[in-house]
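Novice: Here's a structure for you.
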Amino acid sequence: MSQTWLALQFPHLALDLLTRGNGRPRDLPLAVSDGDARRPIVLDVNPAASRLGIRAGLPVSAALSLAGALQVTARDAAAEIAALDRLAAWSYQYSSAVSVLASRHTLLLETGASERLLGDSESLAQQLSDDLLALGYHARAGTGPTPEAAQLAARRGLHFASRSALQEALRTLPLQALMLSDAQCASLESMGFRHAREVLRLPRKALARRLGTDAVTYLDRLCGRRPDPQTYWRLPETFHSGMDLPAEITNSQGLLFPLRRLIDELCGVLRACDRGVQSLVFHFTLRRGKERLELGLQQPGRDEEHLLQLLKERLERFRLPQPARHVVLEAGAFMSFDARATGLFVDPGDPDSNPLAPLLERLRARLGEHAVTGLKGVEDHRPEYSWSERRLDEPADCRPMPHRPLWLFPRPQRCQIEDYRVLAGPERIETGWWDGADCRRDYFVVRDRAGSTLWAYREYKP
């Protein structure tokens, strides 16, 4: 089977990391700077800054003279590399062969083996671009029969279905479409070359003398004459992603948009790894100090809408003591996830088909982790001491006793029942002499005139 490569290039990655926390484009001009700290230059700008005449390559001092309101943020190269790693994990749901080219801000996916499942590469490229835009990343996508051809296609917005299609396109593509330096392109133009196809016709030895062996190797890999092995990215076992907020957020509900993007990114990674998570931790960097929010699940999950619903419930009672400037989503060790097929009707014998778990998760998100608990049995004959609270993920560890009620009053209530009928009993309980709470009782199951079933006892010890 012939290989088909899909390249995803992120030309605005540094700017995306700065702006993806905001749902609407801002009118405030923004720029990312790079280079020497004493003489920084503009690396990228948003549309508002571009309309003011600010361009990449302009000195920051000159850009500030054009727009006094321009906000300039220094480039964070480490954050860009971390973002590419997260996006590689996210892309793994579309291909099991993903490579990260950090120096080019590019991801490479081998999609030929997935075409029967995901459709043709051109449609997949469009889908990936749209999905990445929903996460806040602007990507250029292109496909080709070789990794270098896919990268060339991404730069030009093209798709090469085969090597013959690539050769046909090279006839009209300019020299600047190739990954050659400005000096190499200038040298070729001085010799009368104008299109990429003309360069490929040159003898290899003559081309190596003029451009160097690296350029020849690149052209051979572009056309598939030489192997181009890729180092494939490895799946992670945890997730850690954050984003700066374009403006300080004072209302917890204002956090929904950036947090939704982080949850969508996490769930894409989980689908790629075929894993789930049982707990999420959100960290907020405030104007002064930090804040933390946790979400817990009954069982491992990875559904965006369910996680977002739990987050909404939790945010309703979450208050920010200070305006938030930065948010981070952290998920611990990934867990095995069993995606069972769901039926139309609930199977009482199948715990995975029981709708109780999502309800408990929503109650815990709304009321708090410790407000919703389970019950477990304790080895004690006295009813008031025969149970205790437990975490919902702990086993109940109790033996069913059908003749006893499932719930007791906090304190026994004296009663005087007329016209009753004894259904069961007496059951003698005489114990507790060792801890000072000894009792001597006879328990009966009775039914009163109204038809209510009661569990009553007579205390013989004063």
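The values are calculated or read from the model by the stated rules, or taken from the named source; none is laboratory data. No experiment lies behind these values; they were computed from the predicted model shown. Neighbour counts run over all protein chains shown; Cβ positions are idealised from the backbone, glycine included. For the accessible areas, the whole protein counts, side chains as well, though only heavy atoms, and no ligand, DNA or RNA atoms are used. Shrake-Rupley method; radii C 1.70, N 1.55, O 1.52, S 1.80 Å.
Novice: Output yes when any residue across the range 258-271 is in contact (Cβ under 8 Å) with a residue 24 or more places away in the chain, within 19 Å of the chain's Cα centre (by Cα) and assigned to a loop (DSSP other than H, G, I, E, B), and no when none is.
Specialist: Kept after step one, since they are in contact (Cβ under 8 Å) with a residue 24 or more places away in the chain, are these residues of the range 258-271: 258-271.
If we keep only those that are within 19 Å of the chain's Cα centre (by Cα) as well, we get 258-271.
Subsequent filtering for residues that are assigned to a loop (DSSP other than H, G, I, E, B) retains none.
So far as the range 258-271 goes, no, none of its residues is in contact (Cβ under 8 Å) with a residue 24 or more places away in the chain, within 19 Å of the chain's Cα centre (by Cα) and assigned to a loop (DSSP other than H, G, I, E, B).
Novice: Here is a further query. Tell me whether the range 152-168 contains one or more residues that are hydrophobic (A, V, I, L, M, F, W, C) and within 29 Å of the chain's Cα centre (by Cα).
Specialist: yes
Novice: Separate question: Of all residues in the range 188-240, which are of a type in the set (Gly, Ala, Ser) and farther than 24 Å from Phe160 by Cα? Step through it out loud before you land on a result.
Specialist: Keep residues of the range 188-240 that are of a type in the set (Gly, Ala, Ser), which gives 190, 192, 196, 206, 208, 212, 215, 224.
Result: Ser190, Gly192, Ala206, Ala208, Gly212.
Novice: Further question on the same structure: For the range 175-247, please list each of the helices (runs of 4 or more DSSP H) lying entirely inside it that holds at least 1 residues being aliphatic (A, V, I, L, M) and in contact with a Phe, Trp or Tyr (Cβ under 6 Å, 6 or more places away or on another chain). Steps first, please.
Specialist: Details: elements: 182-190, 196-200, 204-211, 213-223.
Counting at least 1 such residues, we get 196-200.
Novice: Here's another thing I want to ask about it. Look through the range 406-437, keep the residues that are without any contact (Cβ under 8 Å) to a residue 24 or more places away in the chain and aromatic (Phe, Trp, Tyr), and return whichever of them is surrounded by the most Cβ atoms within 10 Å (Cβ to Cβ).
Specialist: Trp433
Each row is one residue, and each column tells you yes or no for (1) of a type in the set (Gly, Ala, Ser); (2) assigned to a strand (DSSP E or B); (3) in contact (Cβ under 8 Å) with a residue 40 or more places away in the chain; (4) surrounded by fewer than 23 Cβ atoms within 10 Å (Cβ to Cβ).
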position	(1), (2), (3), (4)
Arg116	no, no, no, yes
Glu122	no, no, no, yes
Gln126	no, no, no, yes
Ala141	yes, yes, yes, no
Ala153	yes, no, yes, no
Ala165	yes, no, no, yes
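Novice: Gln176 is checked against (1) under 39 Å from the mean Cα position of the chain (by Cα); (2) open to solvent by less than 100 Å² (accessible area, probe 1.4 Å) and fails just one. What number does that condition carry?
Specialist: Gln176 satisfies every listed condition except (2).
The rows are residues; the columns are (1) outside any helix (DSSP H, G or I); (2) of a type in the set (Val, Ile, Thr).
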site: Val281; (1), (2): yes, yes
site: Glu291; (1), (2): yes, no
site: Gln309; (1), (2): no, no
site: Lys312; (1), (2): no, no
site: Gln322; (1), (2): yes, no
site: His326; (1), (2): yes, no
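Novice: Sort out which residues of the range 241-251 are surrounded by 15 or more Cβ atoms within 10 Å (Cβ to Cβ) and not β-branched (Val, Ile, Thr), and write them in order of number.
Specialist: Filtering the range 241-251 down to residues surrounded by 15 or more Cβ atoms within 10 Å (Cβ to Cβ) leaves 241-246, 249.
Listed by number, the residues that qualify are Ser241, Gly242, Met243, Asp244, Leu245, Pro246.
Novice: I need the full set of residues from the range 74-103 which are of a type outside the set (Asp, Glu) and within 19 Å of Leu18 (Cα to Cα), in order please.
Specialist: Step one: of the range 74-103, the residues of a type outside the set (Asp, Glu) are 74-75, 77-79, 81-84, 86-103.
Correct list: Ala74, Arg75, Ala77, Ala78, Ala79, Ile81, Ala82, Ala83, Leu84, Arg86, Leu87, Ala102.
Novice: From the set of residues in the range 444-456 that are assigned to a strand (DSSP E or B) and without any contact (Cβ under 8 Å) to a residue 40 or more places away in the chain, which is farthest from Met401 (Cα to Cα)?
Specialist: Selected residue: Arg447.
Yes/no per residue for (1) modelled with pLDDT of 80 or more; (2) closer than 30 Å to Leu307 by Cβ; (3) under 52 Å from the mean Cα position of the chain (by Cα):
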position: Val372; (1), (2), (3): no, yes, yes
position: Glu379; (1), (2), (3): no, no, yes
position: Met401; (1), (2), (3): no, no, yes
position: Leu406; (1), (2), (3): no, no, yes
position: Arg411; (1), (2), (3): no, no, yes
position: Asp435; (1), (2), (3): no, no, no
position: Arg441; (1), (2), (3): yes, no, no
position: Arg447; (1), (2), (3): yes, no, no
position: Ala450; (1), (2), (3): yes, no, no
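Novice: Taking the condition of being free of Cβ contacts under 8 Å to residues at least 40 places away in the same chain, of a type in the set (Ser, Thr, Tyr) and open to solvent by less than 70 Å² (accessible area, probe 1.4 Å), how many residues in the range 36-83 meet it?
Specialist: 1
Novice: Which of the following residues is open to solvent by less than 30 Å² (accessible area, probe 1.4 Å) and in contact (Cβ under 8 Å) with a residue 60 or more places away in the chain: Tyr232, Tyr218?
Specialist: On the way: Tyr232 fails: open to solvent by less than 30 Å² (accessible area, probe 1.4 Å).
Of Tyr232, Tyr218, the one residue that is open to solvent by less than 30 Å² (accessible area, probe 1.4 Å) and in contact (Cβ under 8 Å) with a residue 60 or more places away in the chain is Tyr218.
Novice: Here's another thing I want to ask about it. If I go through the range 272-286 residue by residue, how many of them are modelled with pLDDT under 90 and either open to solvent by 10 Å² or more (accessible area, probe 1.4 Å) or within 10 Å of the chain's Cα centre (by Cα) (or both)?
Specialist: 6
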